[in-house]
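The values are calculated or read from the model by the stated rules, or taken from the named source; none is laboratory data. The structure presented is a predicted model; accordingly, all values stated were derived computationally and were not measured. As a convention, Cβ positions derive from the backbone with ideal geometry for all residues, glycine included, and neighbour counts pool all protein chains shown. Note: accessible area is taken over every heavy atom of the protein model, side chains too, but ligands, DNA and RNA are not part of it. Shrake-Rupley method; radii C 1.70, N 1.55, O 1.52, S 1.80 Å.
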Amino acid sequence: MLSRKGIIPEEYVLTRLAEDPAEPSWLLFAMVWWLIAFAHGDLAPGEGTAVPCVTSIHSFSSAFLFSIEVQVTIGFGGRMVTEECPLAILVLIVQNIVGLMVNAIMLGCIFMKTAQAHRRAETLIFSKHAVITLRHGRLCFMLRVGDLRKSMIISATIRMQVVRKTTSPEGEVVPLHQVDIPMENGVGGNSIFLVAPLIIYHVIDSSSPLYDLAPSDLHHHQDLEIIVILEGVVETTGITTQARTSYLADEILWGQRFVPIVAEEDGRYSVDYSKFGNTVKVPTPLCTARQLDEDRSLLDALALASTRGPLRKRSVAVAKAKPKFSISPDSLS
């Protein structure tokens, strides 16, 4: 089990289905019908000649049955309102109106319960920024996705598209050219098991539309947008939900990596959502993936520089360290 900590908005809590208000309503109006019959003398024995307000009401049980018949419009025929009591006619109208309101509330609650797909999509969150950094010696485009609810998304799939302006060899300008790009995750393929926040990444290789993307291209003037779509089935309702986000060129950070947010505490895993979008700088070559494939020495030079960096700082610190006191040989004689 995952113990998730962090700031979870209260509106993400599932709304419970309201309790059925029909039964208290039946009891209330049953008491009203019984009081009307009692006040008119319909419950007194030996009163067979007088016209009752409601026929065939002899006890509270029969008044309760009549209340059910009125509210759900069953009408078995044994009990009915007469024109003897105007108050009984008024109560009949009031109970019909209350019954319609109760039915409308129940239908609204059921519809709200079954229409949770839109609200469920609001609990699927994406990192504010995407990053490009090295993984297994290759430049990768990475993003983080998570779920705020404890109920899981079944059969979750994720896909990504690059939308940019292109020109065909014939000179045709395509303003919104969409290209699907493959994604990698811990499970493999587009299917994901979203039990904890995952880092989804795309390897920028020769078949990737980001193969010639350089750090200098990540500015707001660049005509580039990466759309991410997450689809799945809501566990509680079985309705398909979809969450979408997109990253513009200036929302992609080069040479950074997401910080870890999953930790093990007392044999249980906890997720700190307050650090969900935090990143940290890591050594990354400032070149395109094409240039890195053509010249792998850039990667070797980067690894060599990262290993020499701390040693050089440590030697400088030692060189600057000077003793506060000095002892001359003459003072020892």
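Summing Lys, Arg as +1 and Asp, Glu as -1, what charge do residues with Cβ under 14 Å from the Cβ of residue 201 carry, residue 201 excluded?
Summing Lys and Arg as +1 and Asp and Glu as -1 gives +3.
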Margin query: At a 10 angstrom cut-off on C-beta neighbours, averaged per residue, how do the peptides 261-269, 133-141 rank from highest to lowest?
Written below: 133-141, 261-269
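What does the extension gain come out to for residue 161 and residue 177, with contour length at 0.36 nm per residue minus their alpha carbon separation?
Values: separation 16, 0.36 × 16 = 5.76 nm, distance 0.96 nm.
Taking residue 161 through residue 177 to full extension adds about 4.8 nm, to one decimal.
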Notebook entry, point to check: Rolling a 1.4 angstrom probe over the protein heavy atoms, how many square angstrom per residue are accessible across segment 23-103?
Noted result: 59
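In segment 152-227, which GluC sites (Glu not before Pro) are in a loop and have at most 10 other Cβ atoms within 10 Å, using DSSP for the loop call? Provide the component values of the computation, followed by the final result.
Values: sites: 170, 172, 184, 225; in loops: 170, 172.
Qualifying residues, ordered by number: 170, 172.
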Margin query: What FRET efficiency comes out for residue 298 versus residue 264 if R0 is 30 angstrom and r is the Cβ-Cβ distance? Round to the nearest 0.05.
Written below: 0.25
Notebook entry, point to check: Given a 1.4 Å probe and every protein chain left where it sits, what share in percent of the accessible area of segment 214-276 is carbon and sulfur?
Noted result: 44
Item checked: FRET efficiency, residue 122 to residue 101 (Cβ-Cβ, R0 22 Å, nearest 0.05) -> 0.15
